[in-house]
1. Could you please find all residues in region 192-212 being within 21 Å of Val150 (Cβ to Cβ) and in contact with a Leu (Cβ under 8 Å, 6 or more places away or on another chain)?
2. Which of the residues spanning region 117-175 are closer than 17 Å to Gly207 by Cβ, in a helix (DSSP H, G or I) and among the charged types (D, E, K, R)?
3. When region 71-94 is examined, which residues are found to be over 17 Å from Ser141 (Cβ atoms) and surrounded by fewer than 20 Cβ atoms within 10 Å (Cβ to Cβ)?
4. Confirm whether Arg130 is out of contact with any Lys or Arg (no Cβ under 8 Å at 6 or more places or on another chain) and surrounded by 17 or more Cβ atoms within 10 Å (Cβ to Cβ).
5. Confirm whether Gly78 is at negative phi, assigned by TED's automatic domain parsing to the domain that holds Leu172, out of contact with any strand residue (DSSP E or B) (no Cβ under 7 Å at 6 or more places or on another chain) and among the small types (Gly, Ala, Ser).
6. Please determine whether any residue of region 104-123 is among the aliphatic types (A, V, I, L, M), out of contact with any Asp or Glu (no Cβ under 9 Å at 6 or more places or on another chain) and without any contact (Cβ under 8 Å) to a residue 24 or more places away in the chain.
7. If we scan region 11-25, do we find a residue that is under 26 Å from the mean Cα position of the chain (by Cα), within 30 Å of Lys156 (Cα to Cα), part of a helix (DSSP H, G or I) and modelled with pLDDT under 95?
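The values are calculated or read from the model by the stated rules, or taken from the named source; none is laboratory data. All of these numbers come straight from a predicted model, not from anything done at the bench. Note that each Cβ is placed from the backbone with ideal geometry, even for glycine, and that neighbours are counted across all protein chains shown.
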Amino acid sequence: MTGQVRTVDGRVAGRRGQATRQKLLDCLSEMLSSSPYRDVKVIDVARKAGTSPATFYQYFPDVEGAVLEIAEQMAAEGAELTQLLDGRSWVGKAGWQTSQDLVDGFLDFWRKNDAILRVVDLGAAEGDKRFYKIRMKILNSVNNSLTETVKELQSKGKVDKDVSPAAMAGSLVAMLAAVASHQRGFQTWGVKQAELKPNLAMLVHLGVTGKKPTK
């Protein structure tokens, strides 16, 4: 971990303190993958990390504060999803590849962060503005890039002028997020991951370009 990390009372944590703090976050992340968010207690996190509740409270005010820290770290990683679109072509076979890479990256990010994303979605749905801002920070990284992509294609006469770039991008991102959070559910419908990705990429390509992809 780089940069200054401070304790709850404002002191700068040393290298050992930073390592302890990160271990607490790692243990909490692991626990969230198997336990409901509100069932996780400070004493359980501290015990799993091999330390005490008093040490936990040196770095975080409560479990929710630590969860928000994990979510902020994840959101920073999520902002990199825009790299899946920056400078990419949507013309011909290259456009089909761009669609597939976006879907792959989006679904992979959601699987990797499934536990904390479920907590973020829950908090956002309950009206907690802190979780809502984190969720939008992740989605905006893709939404803004897709909006600019549609605008650019419109300026070149490749997308109908009646299409709203912001509305189209927002709809596609909402679809991606919904599908990504429901990946396990597709299995109960008999849909395999290998079948889901190309069909989702087809919808993304149609939405962005208005055309079937060239494969």
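1. Across region 192-212, the qualifying residues are Leu200, Ala201, Leu203, Val204, Gly207, Val208, Thr209, Lys212.
2. Selection gives Glu148, Lys151, Glu152.
3. The initial filter retains those residues of region 71-94 that are over 17 Å from Ser141 (Cβ atoms), namely 89-94.
If the condition is that a residue be over 17 Å from Ser141 (Cβ atoms) and surrounded by fewer than 20 Cβ atoms within 10 Å (Cβ to Cβ), then Ser89, Val91, Gly92, Lys93, Ala94 are the ones that fit.
4. On the way: out of contact with any Lys or Arg (no Cβ under 8 Å at 6 or more places or on another chain): yes; surrounded by 17 or more Cβ atoms within 10 Å (Cβ to Cβ): no.
For Arg130, the condition - out of contact with any Lys or Arg (no Cβ under 8 Å at 6 or more places or on another chain) and surrounded by 17 or more Cβ atoms within 10 Å (Cβ to Cβ) - is not met.
5. Numbers: at negative phi: yes; assigned by TED's automatic domain parsing to the domain that holds Leu172: yes; out of contact with any strand residue (DSSP E or B) (no Cβ under 7 Å at 6 or more places or on another chain): yes; among the small types (Gly, Ala, Ser): yes.
Against the criterion (at negative phi, assigned by TED's automatic domain parsing to the domain that holds Leu172, out of contact with any strand residue (DSSP E or B) (no Cβ under 7 Å at 6 or more places or on another chain) and among the small types (Gly, Ala, Ser)), Gly78 qualifies.
6. no
7. No: zero hits.
Residues checked against (1) part of a helix (DSSP H, G or I); (2) under 19 Å from Arg118 (Cα atoms):
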| residue | (1), (2) |
| --- | --- |
| Arg38 | yes, yes |
| Gly50 | no, no |
| Tyr57 | yes, no |
| Glu69 | yes, yes |
